[in-house]
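The values are calculated or read from the model by the stated rules, or taken from the named source; none is laboratory data. Please read all numbers here as calculations on a predicted model, not as lab measurements. Cβ placement follows ideal geometry from the backbone for every residue including glycine, while neighbour counts extend to all protein chains displayed.
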Amino acid sequence: MLRHIAVIDVGKTNAKLVLFDAVDGREVERLSVANTVMPGPPYLHYDLDRLWRFILDGLQKLAAAHGVDAISITTHGATAVLMAGDTIALPVLDYEHAGPERLREDYDKLRAGFAETFSPPLPVGLNLGAQLFFQHETEPAAFAAVTDILMYPQYWALRLTGIKASEVTSLGVHTDLWAPKRHDFSALVDAMGWRKLFPPLRLARSVVGPVSAAVAEITGLDPQTPVATGIHDSNASLLPYLLAAKQRLSVVSSGTWTIVMSPGAETDRLDERRDCLANVDVFGRPVPTARFMGGREFAVLMAGIEAPIPDDADIGHVLDKDVMVLPGFVGAVGPFPRAKGTWINAPEGLTPARRLAAVSLYLALMTATALDLCGCGDDIMLEGPLAHNELFARALSALTGKRVRPSHEGTGTALGAAMLFDAVPPDIVRLSEPVTPLEHPGLASYARRWRQRTGA
């Protein structure tokens, strides 16, 4: 029986290694390291060697302390690794690097339409196809040597097992590379001649192979330790509910990005101009999705200020005095991509708790907008840091009229990645009780004014 599953979780801000207990559904231990970005040349790129050392050292520590029976992998999207045989052909481009913008006009002539890919045009390198086009055009000699394009989770699976694979949850997240309804690569891939560079498709929930002899020797793992093919992180957060839920729901997965997913909703209402898209779940189905950079905006708006939990007086002050945040403080993404972020009634003089109240209400309004765009389920499940923000959860419930259930079981990303192995049963997911909706006579008019000012 597989009991202790090590989850490699590479997020945009931090990389984590979580040991998950499949029997009692808890995290046994968690290790973390900052995900640093190198300045170049030739462009902003990730420090893969540093991450690999962290992964090996962490697996060695977890194996010695608890034992590791299996390994699963989840990572952020918009990232691929170009391989020339067994070596990396080019540094792995950071999706916030502005280089792809320089070739935007030429790229837009080639990219497939939204109706085919459900992938909206996004800035910098957030469309993975734009990254690949940029590397193809600016580093032609190095790109000519590429033998394989690996999505990010499958790169780490290669490092662990020596086996190359492709997988749809990463291929289908605003990449311009995948046509979900056809379950095939997009016209862009064939136009660029890239189809032959993608390894064979494997299911995220399949075992790509055992760890290599070299990894087993370094870490002390059993040489037969299985490694899952791996999954995109937002889809990992979604997976527990896909397997366990009996009603229509939406999942809000929070971190650097706030990702709102509504499985079973219609894709025809998605607005590509407002950062809507369809993710692709582990079963290959399109999942209506809307998003904004909530974690990044929270950090900008709070400006490093530590704040106590707002009380009723703090919330009342913000609502009654019309202290309000308007989008957006991270440009060119989210439901209001052209808006310039601003405060109504500037925050100078606000106590830290009142500032936190205003920011929490802003994030709730943005999330409610995203839910409107992708179709809101009867229950809203909160994952990640926002699950611990009580005001956010209560305000979201009041704004949507839906049941909001925060997950306090650590990160749903780790749980979902662990559930790539059947050893973790679906009934391990424990739905929390819904929060009490925020009741304040000024909330409805405050929300109405926010929507009027934003055009929501």
When the stretch 204-225 is checked residue by residue, the ones that are part of a helix (DSSP H, G or I), surrounded by fewer than 18 Cβ atoms within 10 Å (Cβ to Cβ) and in contact (Cβ under 8 Å) with a residue 24 or more places away in the chain are Ile218
Could you give every pair whose Cβ atoms fall below 6 Å, whose first residue belongs to the stretch 140-168 and is within 17 Å of Leu203 (Cα to Cα), and whose second residue is of a type in the set (S, T, N, Q) and assigned to a strand (DSSP E or B), counting only separations of at least 6 or pairs across chains?
Tyr152/Thr75; Pro153/Thr75
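When you check Ala78 against the structure, is it under 19 Å from the mean Cα position of the chain (by Cα), at pLDDT 95 or above and at positive phi, yes or no?
Answer is yes for this residue.
Tell me yes or no: at least one residue of the stretch 385-405 is within 17 Å of the chain's Cα centre (by Cα) and farther than 18 Å from Arg291 by Cα. Steps first, please.
At the first step, the residues of the stretch 385-405 found to be within 17 Å of the chain's Cα centre (by Cα) are 385-387.
Restricting the remaining residues to those that are farther than 18 Å from Arg291 by Cα gives none.
No, every residue in the stretch 385-405 fails to be within 17 Å of the chain's Cα centre (by Cα) and farther than 18 Å from Arg291 by Cα.
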If the Cβ limit is 6 Å and pairs must be 6+ apart or interchain, which residue in the stretch 254-274 that is more than 13 Å from Ala370 (Cα to Cα) pairs with which residue that is outside any loop (DSSP other than H, G, I, E, B) and of a type in the set (Val, Ile, Thr)?
Pro263/Val287
Given (1) without any contact (Cβ under 8 Å) to a residue 12 or more places away in the chain; (2) assigned to a helix (DSSP H, G or I), index of the condition Pro41 fails
(2)
Listing of helices (runs of 4 or more DSSP H) fully contained in the stretch 115-171 that carry 2 or more residues being surrounded by 24 or more Cβ atoms within 10 Å (Cβ to Cβ):
128-138, 152-161, 168-171
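Which count do you get for residues in the stretch 235-285 that are touching a Cys at 6+ places or on another chain (Cβ under 8 Å), outside any loop (DSSP other than H, G, I, E, B) and under 21 Å from His76 (Cα atoms)?
Of the residues in the stretch 235-285, the ones touching a Cys at 6+ places or on another chain (Cβ under 8 Å) are 250, 260-262, 265, 269-270, 276.
Still in the list and also outside any loop (DSSP other than H, G, I, E, B): 250, 260-261, 269, 276.
Now drop any that are not under 21 Å from His76 (Cα atoms), which leaves 250, 260-261, 276.
Residues that pass the stated criteria total 4.
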Tell me the residue from Glu96, Glu101, Glu29 that is assigned to a loop (DSSP other than H, G, I, E, B) and within 23 Å of the chain's Cα centre (by Cα), please.
Glu96
Kindly check whether there is at least one residue in the stretch 20-34 that is within 25 Å of Thr256 (Cβ to Cβ), aromatic (Phe, Trp, Tyr) and surrounded by fewer than 22 Cβ atoms within 10 Å (Cβ to Cβ).
no
Looking at the stretch 186-200, can you tell me whether even one residue there is assigned by TED's automatic domain parsing to the domain that holds Ser212 and more than 25 Å from Glu137 (Cβ to Cβ)?
yes
Which one of these does Ile71 not meet: (1) closer than 30 Å to Phe20 by Cα; (2) surrounded by fewer than 19 Cβ atoms within 10 Å (Cβ to Cβ)?
(2)
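Filtering the stretch 369-383 down to residues that are surrounded by fewer than 24 Cβ atoms within 10 Å (Cβ to Cβ), out of contact with any Asp or Glu (no Cβ under 9 Å at 6 or more places or on another chain) and not acidic (Asp, Glu), which residue is farthest from Gly294 (Cα to Cα)?
Here the residue is Gly377.
From the list Asp24, Asp106, exactly one residue is part of a helix (DSSP H, G or I), acidic (Asp, Glu) and without any contact (Cβ under 8 Å) to a residue 60 or more places away in the chain. Which is it? Walk me through how you get there before you give the answer.
Working: Asp24 fails: part of a helix (DSSP H, G or I).
After applying the criteria, what remains is Asp106.
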Every residue from the stretch 387-405 that is crowded, with 24+ Cβ neighbours inside 10 Å and either of a type in the set (Gly, Ala, Ser) or in contact with a strand residue (DSSP E or B) (Cβ under 6 Å, 6 or more places away or on another chain) (or both)
Ala387, Ala393, Ala395, Leu396, Val404
For the structure I just gave you, tell me whether Asp94 is farther than 30 Å from Thr267 by Cα, touching a Leu at 6+ places or on another chain (Cβ under 9 Å) and acidic (Asp, Glu).
no
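Among what's in the stretch 411-450 and is assigned to a loop (DSSP other than H, G, I, E, B) and β-branched (Val, Ile, Thr), pick the residue that is surrounded by the fewest Cβ atoms within 10 Å (Cβ to Cβ). Even if it seems obvious, please write down each step before you answer.
Residues of the stretch 411-450 assigned to a loop (DSSP other than H, G, I, E, B): 411, 419-425, 429-442.
Pick out the ones that are also β-branched (Val, Ile, Thr) and you get 411, 424, 429, 435-436.
Working: Thr411: 27, Val424: 27, Val429: 21, Val435: 21, Thr436: 12.
So, considering only residues that are assigned to a loop (DSSP other than H, G, I, E, B) and β-branched (Val, Ile, Thr), the one surrounded by the fewest Cβ atoms within 10 Å (Cβ to Cβ) is Thr436.
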